[in-house]
Every structure is written in structure tokens, then in C-alpha cells.
Amino acid sequence: MILVTGGGGFLGTHVTQALCDLGEDVVIAQRRGPSPVDVTDPASVRELGRRFPITRVVHLAAAGLGDGSTLDKLWADTLALFTVLRAAYEWNVERVVLASSIGVYAGVTPDDGYYREDVPLPVASPHAIPAAKKIMETVAAVQREVPSVTARVGAIWGPLGRPASPFFAAPQLIHQVVRGQQPAAPADDAIDMLYAKDCGTAVARLVTAAELRHSAYNIGSGRVTSNRELAAAITRVVPGARIALTDGGETQAALDVARLRADTGFEPEYALDRAVADYAAWLADHEK
């Protein structure tokens, strides 16, 4: 049985669905609902192990973007990490997948335009999220008691996601277009984007793989998508869509996903037009 912390959240919902599609039994730990679980509380987490035969864990739970100060976020995320790892050790789990972020590469300038998992990461971080993820990755790399891998997740968008992101424009573009608004964005801003349903499948493949040869895996599309490309897809798919593209923008490096492909066989199923159509349809049904 697989425990998914943060299983009721944005990414957690898609991971849980992907695991169920693979025929796996899943336990969801989330802060809200009829049976809330606090992943910073050892007793709350250990209780899950008493109730369910947990063999693997996907740890996605994290403090929200606006939940207190930077120190508050780092404290909560680190406490949750140690709580989950200690419980996993007591349960003798086979594997823990820890959700990291493309943000850990901030400050790295690859020569060929790809972030690879073996590149040294800078200590400094531009934001609390990658700082918390680097703490997590350091702990995971040092400890030997719990078999664990880190999943460095790219820019994820899709159903249940926030209507706007401080890191890339895709969520606000599609949300505003579906609402009948005319959004604007720098045409040449580009980042490695992966549709949420594909991301859920990739994480599910990592946690269920019979064997993994590495301790860190990038999860992304393996290419960058610009706002220009995204706007063109939206106008093809959404009737009457209008997007104002401004000059300029910054192209980030793509995630090298060779490890993920080799060890799990993962390939994205949602090309850009299909992802836009799926998300627009979902928003039309859920934002009424």
C-alpha cells in the first residue's frame, strides 16, 4: 500500500489517480477532510502505519506559498520531512519518493540548455521553496536508513492548479482566457512545462518501479515551451481566445529526463494542444 502525503492537493490528486490507474492501493494523508493528518506530528503519521500496511511513500506535502514567514515554511517543511522519514524507517518501507523542484537549479547555467541531475547545486536560493527542497535533498542524500529518491519536478499546470503562478505564465493565461479575458505575457518567456496528469503518471512510475539506479530524477517534458507557443495553442483550441504577447522574455534551461525515461519508460501523453483542450474543458466545468 502506498502513502501519498498531500494526496488531496494539486499534484497529489494526479499522483493518486495515476497510482490507482496502475492498480495500486493508496492511502491519502492531507490536512483537511474527515480524517486529517498532520505530517509535522509524529503521532498523527504513525497512526497511519498502525491502520494500513504501508510499503512505499510519496511525500508531496509542503507548507503553502503564503503560510507565514520564510523561517516558518522552512521549519514546517523540514519537520514534515523528518517525521515522514522516521515513520518510513519504522515501517521498513521499500521506497520513499520526495518531491523536489526545478527551482533547485536556480543559479546553474548549463552549456547545452539542459539541467542534469548530477550537476552541483548552488547553496543560495532565490525563494523559500527551492531552499526547502535543497534541505530535503541534502537529508535524503546523507541518510542511509530509508531508501529514497528525489523527484525534481518542473513547471506543472493543469486541473486543480492555482489560477496564477509567480514562476510561469501558463496558469494565468489559460484561466483568464476561459473567463473571457485577454491576458498578456512576454512572448519569449520559456520554461520546461509538464501537464499535471503526465506529472502524476511520472511520479507514480517512480514509486512503483521495480528498480531505480539513481537517487535523483528530473520530471518534465524535456523541452522548453515559450509563451508564444502556448498562446498559439490556446488560440487554436479555445474559440475566441485573445492573448497579448509583449516583446522579450527569458528562456530557461530544460530538464534532461533521460534517467526518467530509461528507468521508468515514462513518456508524456499530453502534447500542448491536448493539454490546453483538457484544461480548458475542466475549467469550463469547474469555474461556473
Practice item. Among the residues of region 73-86, write down those that are out of contact with any strand residue (DSSP E or B) (no Cβ under 8 Å at 6 or more places or on another chain) and open to solvent by less than 80 Å² (accessible area, probe 1.4 Å). Key: LYS73, LEU74, ALA76, ASP77, THR78, LEU79, THR83
Exercise for review: Filter region 1-59 down to the residues that are among the β-branched types (Val, Ile, Thr) and in a loop (DSSP other than H, G, I, E, B), then identify the one that is surrounded by the most Cβ atoms within 10 Å (Cβ to Cβ).
Suggested key: VAL39
**Study point:** GLU117 being acidic (Asp, Glu), assigned to a helix (DSSP H, G or I) and either touching a Gly at 6+ places or on another chain (Cβ under 7 Å) or in contact (Cβ under 8 Å) with a residue 40 or more places away in the chain (or both)
**Key:** no
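Does ASP112 qualify as being in contact with a helix residue (DSSP H, G or I) (Cβ under 6 Å, 6 or more places away or on another chain), surrounded by fewer than 22 Cβ atoms within 10 Å (Cβ to Cβ) and outside any helix (DSSP H, G or I)? Write out each step before concluding.
On the way: in contact with a helix residue (DSSP H, G or I) (Cβ under 6 Å, 6 or more places away or on another chain): no; surrounded by fewer than 22 Cβ atoms within 10 Å (Cβ to Cβ): yes; outside any helix (DSSP H, G or I): yes.
So ASP112 does not fit the description; no.
Going by the structure shown, is ALA232 surrounded by fewer than 22 Cβ atoms within 10 Å (Cβ to Cβ), at pLDDT 95 or above, over 17 Å from the mean Cα position of the chain (by Cα) and under 22 Å from ASP111 (Cβ atoms)?
The answer is no for ALA232.
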Point to revise | Tabulated pairs, region 220-231, first aliphatic (A, V, I, L, M), second modelled with pLDDT under 95, C-beta under 7 angstrom, 6+ apart or interchain | key: VAL224/THR251; VAL224/GLN252
**Study point:** Selection from region 15-43 of residues that are free of Cβ contacts under 8 Å to residues at least 12 places away in the same chain, farther than 28 Å from ARG162 by Cα and more than 22 Å from the chain's Cα centre (by Cα)
**Key:** ALA43
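Do we find a residue being assigned to a loop (DSSP other than H, G, I, E, B) and either surrounded by fewer than 24 Cβ atoms within 10 Å (Cβ to Cβ) or in contact with a Leu (Cβ under 8 Å, 6 or more places away or on another chain) (or both) anywhere in region 133-141?
Initial filter on region 133-141 (assigned to a loop (DSSP other than H, G, I, E, B)): none.
No, every residue in region 133-141 fails to be assigned to a loop (DSSP other than H, G, I, E, B) and either surrounded by fewer than 24 Cβ atoms within 10 Å (Cβ to Cβ) or in contact with a Leu (Cβ under 8 Å, 6 or more places away or on another chain) (or both).
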Exercise for review: Could you tell me whether region 14-28 includes any residue that is touching a His at 6+ places or on another chain (Cβ under 9 Å) and either modelled with pLDDT of 95 or more or farther than 15 Å from THR55 by Cα (or both)?
Suggested key: no
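Just wondering, is there one or more residues in region 88-100 that are part of a helix (DSSP H, G or I), polar (S, T, N, Q) and open to solvent by less than 30 Å² (accessible area, probe 1.4 Å)?
No, region 88-100 contains no residue that is part of a helix (DSSP H, G or I), polar (S, T, N, Q) and open to solvent by less than 30 Å² (accessible area, probe 1.4 Å).
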Practice item. Please give the strands (runs of 3 or more DSSP E) falling wholly within region 171-272 in which 1 or more residues are more than 30 Å from PRO120 (Cα to Cα). Key: 184-186, 244-246
Check your understanding: Out of all the residues in region 171-183, which are closer than 18 Å to TRP282 by Cα and more than 15 Å from the chain's Cα centre (by Cα)?
Key -> GLN172, LEU173, ILE174, HIS175, GLN176, VAL177, VAL178, ARG179, GLY180, GLN181
Study note, to complete from the structure: Picking from THR264, THR251, the residue that is open to solvent by 70 Å² or more (accessible area, probe 1.4 Å) and hydroxyl-bearing (Ser, Thr, Tyr) would be THR251
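Which residues, taken from region 144-177, are open to solvent by 50 Å² or more (accessible area, probe 1.4 Å) and over 30 Å from GLY23 (Cβ atoms)? Spell out the reasoning first.
As a first pass, look at region 144-177 and keep what is open to solvent by 50 Å² or more (accessible area, probe 1.4 Å): 144-145, 147, 160, 162-164, 166-167, 176.
Passing the criteria: ARG144, ARG162, PRO163, ALA164, PRO166, PHE167, GLN176.
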Exercise for review: Please name all residue pairs, on different chains or six or more residues apart, with Cβ atoms under 9 Å, provided the first residue is in region 69-83 and is part of a helix (DSSP H, G or I) and the second residue is charged (D, E, K, R) and crowded, with 21+ Cβ neighbours inside 10 Å.
Suggested key: ASP77/LYS133
Review point. Any residue in region 200-211 that is open to solvent by 40 Å² or more (accessible area, probe 1.4 Å) and either over 18 Å from HIS14 (Cβ atoms) or at pLDDT below 95 (or both)?
Key: yes
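The values are calculated or read from the model by the stated rules, or taken from the named source; none is laboratory data. Everything numeric in this text was worked out from a predicted model, so none of it was measured. Ideal geometry is used to build each Cβ from the backbone, glycine not excepted, and the neighbour counts take in all protein chains shown. To get the accessible areas, we keep the full protein, side chains included, count just its heavy atoms, and leave off ligands, DNA and RNA. Shrake-Rupley method; radii C 1.70, N 1.55, O 1.52, S 1.80 Å.
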